[in-house]
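Everything below concerns the one structure shown next.
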Amino acid sequence: MKDSRDFPDGEKSAPAGQNARQGANKAWGGRFSSGPAASVVEFTDSQHYDRAMYEEDIKASRAHAEMLGRQGIITADEAASLIGGLGQVLEEIRQGKFEWKQSLEDVHMNIESRLIEIVGDTGKKLHTARSRNDQVGLTFRLFVVKNVTEWQDGCLQMCKSLGRIAANHQNDILPGCTHFQPAQPVSLAQHLLAYASMFRRDYERIGEIIERISVSPLGAAALAGTTYPVDPRFVAEKVGFRDIYSNSMDAVSDRDFVLEALFAASLVMMHLSRLCEEIIIWSNPAFGFVGLPDDYSTGSSIMPQKRNPDVAELTRGKCGRVYGSLMSMLVVMKGLPLAYNRDMQEDKEGFMDASSTVSSSLSIMAAMLGHLHFNTQKMRQACGQGFLNATEFADYLVSKGIPFREAHHAAGKAVSMAEKRGVDLESLSLDDLKSISPVIEDDIYRWLPYEAAVQRRNAPGGTGPESVKAQLAELDKFVLRSQGG
């Protein structure tokens, strides 16, 4: 049994062969003797989510109305009336007084319908020289720019959080790993700055994407352009875009800008997920490198000792959700002929979900980082497991004139000897070491301490203190430039 929610405008039923939308859609209803079935209305409805773009739609429409007036396509008074009416619609929506109607299909028709109620028949002139195809394209591009700009800010906050923590841990060391096996000792600051580098790339990548998004399709109309003497470049400049499309068919059918944004979102989430993975591992008592704050962890309903890294786990999990939005959009677009196809309506929900996920994940992770406690003593102790100074042993031999391949082999023999005896390399006696290579002297013991191994690596980008200071300084400059300083 259907109730009033199944039909627009509160109708309880629809006469046979008709439906509740008959004649309702003035955008295209002239061709049809009756409207689509109620189930089709519900299936094709997008205003329940695309209403989120109301500010962008009104911004684009006001620019379009101003252009129509400047070009003499409508009168100056009519343009002023449209601009003023759209301003009133904007305020009604912001104040929660606007009535959204499913029968009007999308955000664009809802706004236009209310505009006509406010300014009368002049409102019907707003759509002159444009189609919903180029209208939607411009509105959505504006919306995407607004959202990815928010991601940019989140990436910058991650850089700042990581930079602050790194600055406080320049002299603390931990095992650096490859293949998730102990490799060489590294500075904790260096480790954190690696993630800052990732989020800096994300920030810069998003900036490049914004440049490509900021191209206006208005003027393309449905697909073939328009016969009206429009000035698309004026509209582009008015909404803050840098250029206009060079091909009208591409203009209305291009969704590269959504795909690029979703790809950037996927990379941001991948970088967050990698960081979360390390926090999850490090917070395990078997490692004990990180202490989780109460505000960003949860307990167990049965095991009272548990402290679960739920924020990090959820962020890691949400990465797959964003990947799904990217893959979904790629599949939607892969078989579409030119020009616009209704399949493209599927571009918005996935993007909106991904955008919300990225923004919230960046925000909560940047906040959580500032509350983590790093157990630097456990990190230092862990350097004693896994022979992290074996490369120093080889480098020492190279400094004595031994070719690196021979030095590598000799270091491997030293590791094997120490392993069999259950001791560290630095615990082997000089006689033991000389049995491996006669060039070894007492000075090798100055090479083997883990702190010394870190301090020697001051090549650009390295883990040594001079290199880390340079990396911190460069990160500070980047943050300052990005904030307009």
**Message:** Please list, in order along region 381-397, the HN-Hα scalar couplings obtained from phi with the Karplus expression 6.51 cos²θ - 1.76 cosθ + 1.60 (θ = phi - 60°), rounded to whole Hz, x for Gly and Pro.
**Reply:** 4, 5, 5, x, 10, x, 6, 5, 9, 5, 5, 5, 4, 5, 5, 4, 5
**Request:** For residue 222 and residue 153, calculate 0.36 nm times their separation in residues minus their Cα-Cα distance, and state this gained length in nm to one decimal.
**Result:** 21.3 nm
**Message:** Using the Cα centre of the chain as the reference point, and only Cβ charges (+1 on K/R, -1 on D/E), how large is the resulting charge dipole? Debye, rounded to the nearest 20.
**Reply:** 140 debye
**Fill in**
The distance between the Cα centres of region 285-336 and region 375-405, in whole Å, is 35 Å
**Request:** Among DSSP beta bridges lying fully in region 134-246, give the percent that are antiparallel, nearest 5.
**Result:** 75 percent
**Fill in**
Counting only residues 5 or more apart in sequence or on a different chain, those whose built amide H sits under 5 Å from that of residue 243 are 216
**Request:** Work out the charge dipole of the chain with +1 on the Cβ of Lys and Arg and -1 on the Cβ of Asp and Glu about the Cα centre, then indicate which of 240, 354, 453 is farthest towards its positive end.
**Result:** 453
**Fill in**
For region 47-110 (alpha-carbon point model, no solvent) the Debye-based log₁₀ I(q)/I(0) at q = 0.12 Å⁻¹ works out to -0.32
**Complete:** If one compares the long axis through the Cα atoms of helix 132-167 with the longest principal axis of the Cα atoms of the chain, the angle in degrees, nearest 10, works out at 20 degrees
**Prompt:** Which of the peptides 459-466, 365-372 is most tightly packed, and how do the rest follow, going by the mean number of other Cβ atoms within 10 Å of each residue?
**Reply:** 365-372, 459-466
**Asked** Rounded to the nearest 0.05, what FRET efficiency do residue 37 and residue 378 have when you use their Cβ-Cβ distance and R0 = 51 Å?
**Response** 0.20
**Fill in**
Regression test value, accessible area per residue of region 239-386, probe 1.4 Å, units Å², expected 47 Å²
**Request:** Restricting things to alpha carbons, tell me how big region 220-332 is in terms of Rg and Dmax, in Å.
**Result:** 23.4, 73
**Request:** Could you list the chymotrypsin sites (Phe, Trp or Tyr not before Pro) in region 180-239 that lie in coil according to DSSP, counting only those with at most 13 other Cβ atoms within 10 Å of their Cβ?
**Result:** 180
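Beta carbons within 10 angstrom, averaged per residue: use that to sort the peptides 318-329, 168-179, highest first.
On the way: 318-329: 18.6, 168-179: 16.6.
Ranking the peptides 318-329, 168-179 by packing returns 318-329, 168-179.
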**Prompt:** Can you list the residues of region 152-177 with backbone N under 20 Å from a point 7 Å past the Cα of residue 458, pointing along Cα to Cβ?
**Reply:** 167-174
**Asked** What is the set of long-range amide H partners of residue 374 at a cut-off below 5 Å, with H atoms built 1.01 Å from backbone N?
**Response** 291
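For residue 349 and residue 306, compute 0.36 nm times the residue count separating them, minus their Cα-Cα distance, and round to one decimal in nm. Please report the intermediate quantities before stating the final value.
Numbers: separation 43, 0.36 × 43 = 15.48 nm, distance 3.70 nm.
Length gained between residue 349 and residue 306: 11.8 nm.
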**Asked** Quick one: Cα centre-to-centre distance for region 123-198 and region 406-485, in angstrom?
**Response** 32 Å
**Prompt:** Just how much of residue 228 is accessible, in Å², when a 1.4 Å probe is used and the result is rounded to the nearest 10?
**Reply:** 110 Å²
**Request:** Take the alpha carbon gyration tensor of region 84-242, find the square roots of its eigenvalues, order them as a ≥ b ≥ c, and report rounded if a/c is under 1.5; if not, report prolate when a/b exceeds b/c, else oblate.
**Result:** prolate
**Viscosity 1.567 mPa s, 4 °C: Kirkwood-radius Stokes-Einstein D of region 338-485 over Cα pairs, µm²/s** = 65 µm²/s
**Listed candidates (1) -0.71, -0.94; (2) -0.38, -0.74; (3) -0.56, -0.87 - label of the one calculated as log10 I(q)/I(0) by the Debye sum over Cα atoms at q = 0.07, 0.10 Å⁻¹** = (3)
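Can you tally the net charge around residue 226? Count Lys and Arg as +1, Asp and Glu as -1, for every other residue whose Cβ sits under 15 Å from the Cβ of residue 226. Spell out each step's value before the answer.
Working: positive: 125, 130, 132, 233; negative: 134, 231.
Combined, the nearby Lys, Arg, Asp and Glu give +2.
Quick one: pull the percent of accessible area on the chain belonging to carbon and sulfur, 1.4 Å probe, ligands and nucleic acids left out.
In the chain, the share of accessible area belonging to carbon and sulfur is 51 percent.
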**Item:** Selection from 259, 206, 221, by position along the positive dipole direction of the chain (Cβ)
**Value:** 259
**Message:** Could you put 59, 434 in order of accessible surface area, largest first, with the 1.4 Å probe and the full protein assembly present?
**Reply:** 59, 434
**Item:** Label point at residue 314 placed 7 Å out along Cα→Cβ; residues across region 127-164 whose backbone nitrogen lies under 20 Å
**Value:** 151, 154-155, 158
**Message:** Using each residue's phi in region 458-473, evaluate 6.51 cos²θ - 1.76 cosθ + 1.60 at θ = phi - 60° and report the 3J(HN,Hα) Karplus result to the nearest Hz, with x for Gly and Pro.
**Reply:** 9, 4, x, x, x, 8, x, x, 5, 5, 5, 4, 5, 5, 4, 5
**Prompt:** So who's got an amide H within less than 5 Å of the one on residue 308, skipping anything under 5 residues away but keeping other chains? H placed 1.01 Å off N, in plane.
**Reply:** 298, 299
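The values are calculated or read from the model by the stated rules, or taken from the named source; none is laboratory data. Source: prediction; values computed, not measured. So basically every Cβ, Gly included, is an ideal-geometry build from the backbone, and we count neighbours across all protein chains shown. Please note that ligands, DNA and RNA were not included when accessible areas were found on the heavy atoms of the full protein model with its side chains. Shrake-Rupley method; radii C 1.70, N 1.55, O 1.52, S 1.80 Å.
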